[in-house]
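Scroll down for the structure; my scribbles are underneath it.
The values are calculated or read from the model by the stated rules, or taken from the named source; none is laboratory data. The structure displayed is predicted, hence computed values, not measured ones. A quick note on method: Cβ atoms are made from the backbone with ideal geometry, for glycine too, and the neighbour counts reach across all protein chains shown.
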Amino acid sequence: MARITYLIVALVATRPASAAAARRDTTCDAAPATYTSISDPGLPDPWKFASGKSVASADDFACRQAEMSRIMQQFELGDLPPAPDLVTATMSGTSMSLSIKVGSNTKTVSVSITKPSTAGASGGPAIIAVGGASIPIPSGMGRIAFGNDACAAQQNPSSHGTGWFFDLHGKTHSAGATLAWAWCVGRIIDGLEQLGPAKTGIDTKKLGVTGCSRNGKGAFMVGAFEKRIALTIPQESGSGGAASWRISDSEFAKGKSIQTAHQIVRENAWFSPRFTEFVNKTNTLPEDHHFLPALVAPRGLFVIENDIDWLGPVSTTVAMKAGRMIYDALGVKGNMGFSLVGGHSHCSFPSATSADLTSFINRFLVGTGQTNDVEVSKANITMDDWIKGWSAAPKISLA
């Protein structure tokens, strides 16, 4: 089989988020033009390529990550475009202006930045808030307001094609809103890198992203598809975020009032029009949302969920426990936490989670201490029902 070399970029997992990104050339099998659907009620195996080859090394996993990304784009998210032809950034006060050129199309957008109050010459950490933040952000930490609706609208299914992402790439581009948001955040980071900490006050090696509910889905996508994010904190993202499509359908069949794939495409433009073909047969998808933590790995990930039926507490617990198993197999279990405390209103941050969240912020954005070992949920689950078809986890380490 033909081989192709990919440039793999990943944060070194055991160092603080301020450490330089590790870079290596990895030789991967040439990717097929398209992937085929399957028939499997269980979560697809993260340790086996579509070709049937098993993941046996760190380089294999980097190639499998690239494959998981392509599969998710093909079946539900749409295509992630490459970087634009040109980004020009300027800073005035607390506003960063970006001029972005793709082909013959150019857009100018503004981004509001609150600089870290304790930033030194190399800048300080900042959290990108997708549509606003519902978590407690430490005092003095930088904040970047990402107006995701302007990038790709989310009013209803007909919103697809509206926003500056589509002005640049065309109204009929395949990307759903959540993947478009990941691309748009990438342009913000381009601008921050171009201007440097002397102007922005921000160290781009210490960037987090968060959002809640629909914007939590987006935050998860940003972390999965924008590798310069050091810490991803999706809050109550439910189906389309932390939940599994398959398991949400299974819970719906048991009478639970839960958001499912076939409902979600009728509500909004978060996913590619391609996904519509599969929403009534999610068992045929060769992917599911445990692939999202697999794509974030080994970078920091702290997933916050709730016990509201609509969000799918069983579904999120199984999918994110599967994600923790992936992190564990890679030797970086402490880099991912999952907290489903429950008993509070939607997007209301539970105080019981404060210490755990702080440990992840300190570890990946401040560069101090260690994360708490967090896997909290009262959901009654049996993991073997969903992962019994998985291959044995490889003995590799990304630490």
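Numbers below:
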read-out	value
Meets criteria (of a type in the set (Lys, Arg) and part of a loop (DSSP other than H, G, I, E, B)) for ARG246	no
Verdict on GLY241 being in a loop (DSSP other than H, G, I, E, B) and buried (at least 24 other Cβ atoms within 10 Å of the Cβ)	yes
Condition broken by THR232, with the remaining ones in (1) assigned to a loop (DSSP other than H, G, I, E, B); (2) among the polar types (S, T, N, Q); (3) surrounded by 24 or more Cβ atoms within 10 Å (Cβ to Cβ) satisfied	(1)
Residue in segment 110-123 that is farthest from the chain's Cα centre (by Cα), counting only those that are within 17 Å of GLY93 (Cα to Cα) and touching a residue at least 60 places away in the same chain (Cβ under 8 Å)	ALA119
Counted residues, segment 362-385 - those being surrounded by 15 or more Cβ atoms within 10 Å (Cβ to Cβ) and over 23 Å from PRO298 (Cα atoms)	2
Whichever residue in segment 176-227 is under 18 Å from VAL87 (Cα atoms) and hydroxyl-bearing (Ser, Thr, Tyr) and, among such residues, is nearest to the chain's Cα centre (by Cα)	THR204
Qualifying residue in segment 296-316 (condition: within 19 Å of GLY78 (Cα to Cα), in a helix (DSSP H, G or I) and touching a residue at least 24 places away in the same chain (Cβ under 8 Å))	yes
Failed criterion for GLY216 (all others in (1) buried (at least 24 other Cβ atoms within 10 Å of the Cβ); (2) touching a helix residue (DSSP H, G or I) at 6+ places or on another chain (Cβ under 9 Å) hold)	(2)
Test result for ILE247, over 22 Å from LEU301 (Cβ atoms), surrounded by 24 or more Cβ atoms within 10 Å (Cβ to Cβ) and either modelled with pLDDT of 95 or more or among the acidic types (Asp, Glu) (or both)	no
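Residues checked against (1) of a type in the set (Val, Ile, Thr); (2) more than 30 Å from ILE202 (Cβ to Cβ); (3) in contact with a strand residue (DSSP E or B) (Cβ under 9 Å, 6 or more places away or on another chain):
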position: GLY337; (1), (2), (3): no, no, yes
position: PHE364; (1), (2), (3): no, no, yes
position: GLU375; (1), (2), (3): no, yes, yes
position: MET383; (1), (2), (3): no, yes, no
position: LYS395; (1), (2), (3): no, yes, no
position: LEU398; (1), (2), (3): no, no, yes
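Let's see how each residue does on (1) over 20 Å from PHE225 (Cα atoms); (2) in contact with a Pro (Cβ under 7 Å, 6 or more places away or on another chain); (3) exposed (fewer than 12 other Cβ atoms within 10 Å of the Cβ); (4) modelled with pLDDT of 95 or more:
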| residue | (1), (2), (3), (4) |
| --- | --- |
| ILE8 | no, no, no, no |
| THR14 | yes, no, no, no |
| THR34 | no, no, yes, yes |
| SER37 | yes, yes, no, yes |
| ASP40 | yes, no, no, yes |
| TRP47 | no, yes, no, yes |
| ALA58 | no, no, no, yes |
| PHE61 | no, no, no, yes |
